[in-house]
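Dropping the structure in here first, questions after.
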Amino acid sequence: MLNQTKETVRILRMRKVTEKTGLGRSAIYDRMNPHSPRYDPTFPKSVSLGGRSVGFVEAEVDAWLTARISQRRKTA
C-alpha cells in the first residue's frame, strides 16, 4: 500500500535552478565550492544523476530561497 501523504521528490536541472534563483551557472557553482569566497554552506547540494549530470531537489532550492527572503526581512 502506498503512503498517500508522501510528497513527490522533484529534481531540477541547472537551467531551472538558474531561472528559479536568478543566479547564473557560475554563481551557483561558486556557492557550492568551499574554496570560493562566495561559498554558501546553506546552498542546496547537487544530486548526481549519472555521468556528468546533476540536479537539485526542488524543495531544498525553495527552502534556500525562503531562508534568504526571511534573512532579508530581518535585516530590513
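Coordinate-derived values only; no laboratory data. All values reported here derive from a predicted model rather than from experimental measurement. Methodologically, a virtual Cβ is constructed for each residue, glycine included, from the backbone with ideal geometry; neighbour enumeration extends over all protein chains shown.
When only C-alpha pairs under 8 Å and at least 6 residues apart count, what is the relative contact order of the chain, in percent?
29
Hey, another quick one. Mean residue ellipticity at 222 nm from the helices of the chain, using -39,500 (n - 2.57) per DSSP H segment of n ≥ 4 over the full residue count, to the nearest 500 deg cm²/dmol?
So the calculated ellipticity at 222 nm is -13500 deg cm²/dmol.
For the chain, how big is the tail of P(r) above 19 Å, as a whole percent of Cα pairs?
43
What is the spin-label model distance, in nm, from Thr75 to Ser48 if the labels are put 7 Å beyond Cα along the C-beta direction?
About 3.5 nm, to one decimal.
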